[in-house]
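Below you'll find the structure, written out as structure tokens, and then a few comments.
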Amino acid sequence: MAGDLVSRISHSGDAVIASARRGGPWSQLSRHVGPRYKGAVSPPPTAVEVAIIGAGVAGAATAWALRERGVTDVVVLERDDRIAAHASGRGAGLARQLVDDDAASRVTAAGVAWLAAHADAARFVRTGSWLTFDDVASRDAFAARARRLGVAATPCAVDEVRAAWPELAVPSATAALAVPGDGTFTPGELVAWYLREVAVVCGATVRAAEASGDGVRLHTDAGTYRARLVVIAAGAWADAVGAALGARPPSLTPIKRHVEVAAGDAAGRPFVWHLGPRQAYARAHADGVLLSPCDGRVAPADDVAVDEDPARTAHLAAFAPGLTSAPPRARWACHRTFGPSDLPVIGLDAGVPWLCWTAGLGSHGATTSAILGERAATAIVARLRG
């Protein structure tokens, strides 16, 4: 495991103020390394155009997209002691273009194209992928989607996948699709890149808000901040934050998933994602091979303990028998948070004039974060300038 790397920080009261803060077990698991972060911002701004609640991938992407549009008077308020402390620092980093429908695939394909064009931002590597399926009809539906969207994809035999990945059995697969434009990246590194020129205040749990002039005052554990607009980008906590600020929460659903790292070496191989009623995936990782049984249950935002589940263990063992005979080198759980109808919640709040949402990014939130951050920033700039 890599040792913790922490950028320079400074202290103001009880808060940690930094443009990027890394450390703890998730930096080790995700290999968030690289000397590309500016030093601490001291003192932080307390009166801004935009205050963003949450230093995960949603908030970070929104802050980056605002800077791209000339809005630099921004502060990001993070409840934890570091950025990307939760789901954004624990994701698998699979950049997959083809997902469940055409509309979502247009966004994921655009996100993968953005990652490829900004490869250094998140250590993106175009590994390619193999998507496997329980039946030929499902594979052909994805192949047809690829043709409609202009995504390069070639049907292939499952035996080709098993030959390249002898550690995997993928027992129910009967068809496969090779997608050479897919890849892998490091989500926590992407968050740090987005925030490299943004003031971030850690330890700044937001407790209350009060309207003030043409904006709002946010009362936090790190002091009071005044903003014209506030963005809720708090991941699995977004509903609770919205309620605390007097908004009607959009009814987000946090789904808990488990991931582990097995001993092995898959460097240079395309990742494998089995699609169907019982999914699973495998990809190369700096410390071995990253695996997930793609489990999911609704769980509170604070519930990130690893669940012991014999059925989940058996499912992963059947998928990857050559990688699961020994205990994993590391394992963890994180949330994917979904909006109503599994759609992200992006844009201005309908009832609170100074509030905006970037939340519920779902299964491919890090992959699509630049695209969704740009959508949020467009709505915010229109409100600021209007």
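The values are calculated or read from the model by the stated rules, or taken from the named source; none is laboratory data. The structure presented is a predicted model; accordingly, all values stated were derived computationally and were not measured. Note that each Cβ is placed from the backbone with ideal geometry, even for glycine, and that neighbours are counted across all protein chains shown.
Brief remarks follow.
- Some residue of the range 337-346 being buried (at least 21 other Cβ atoms within 10 Å of the Cβ), modelled with pLDDT of 95 or more, touching a helix residue (DSSP H, G or I) at 6+ places or on another chain (Cβ under 7 Å) and over 25 Å from PRO293 (Cβ atoms): yes
- Taking helices (runs of 4 or more DSSP H) as the structural unit, those lying wholly within the range 8-92 and holding at least 1 residues that are hydroxyl-bearing (Ser, Thr, Tyr) and at pLDDT 50 or above correspond to 57-68, 87-90.
- From the options PRO328, PRO300, residue that is in contact with a Pro (Cβ under 9 Å, 6 or more places away or on another chain) and not hydrophobic (A, V, I, L, M, F, W, C): PRO300
- Residue among PRO166, PRO155 that alone is assigned to a loop (DSSP other than H, G, I, E, B) and not basic (Lys, Arg): PRO166
- Residues that are closer than 30 Å to SER212 by Cα, of a type in the set (Val, Ile, Thr) and in contact with a Lys or Arg (Cβ under 6 Å, 6 or more places away or on another chain) are absent from the range 348-355.
- Among the candidates ASP295, ASP307, residue that is surrounded by fewer than 19 Cβ atoms within 10 Å (Cβ to Cβ), of a type in the set (Asp, Glu) and at pLDDT 95 or above: ASP307
- For the range 162-179, a residue qualifies if it is surrounded by 17 or more Cβ atoms within 10 Å (Cβ to Cβ) and either without any contact (Cβ under 8 Å) to a residue 24 or more places away in the chain or on the phi > 0 side of the Ramachandran plot (or both), and the qualifying residues are ARG162, VAL170.
- Summed over the range 66-96, the residues that are over 16 Å from the mean Cα position of the chain (by Cα), surrounded by 19 or more Cβ atoms within 10 Å (Cβ to Cβ) and not charged (D, E, K, R) give a count of 6.
- The criterion of at least 3 residues that are at pLDDT 95 or above and surrounded by 20 or more Cβ atoms within 10 Å (Cβ to Cβ) is met by the following strands (runs of 3 or more DSSP E) wholly inside the range 180-272: 199-202, 215-220, 223-232, 253-262.
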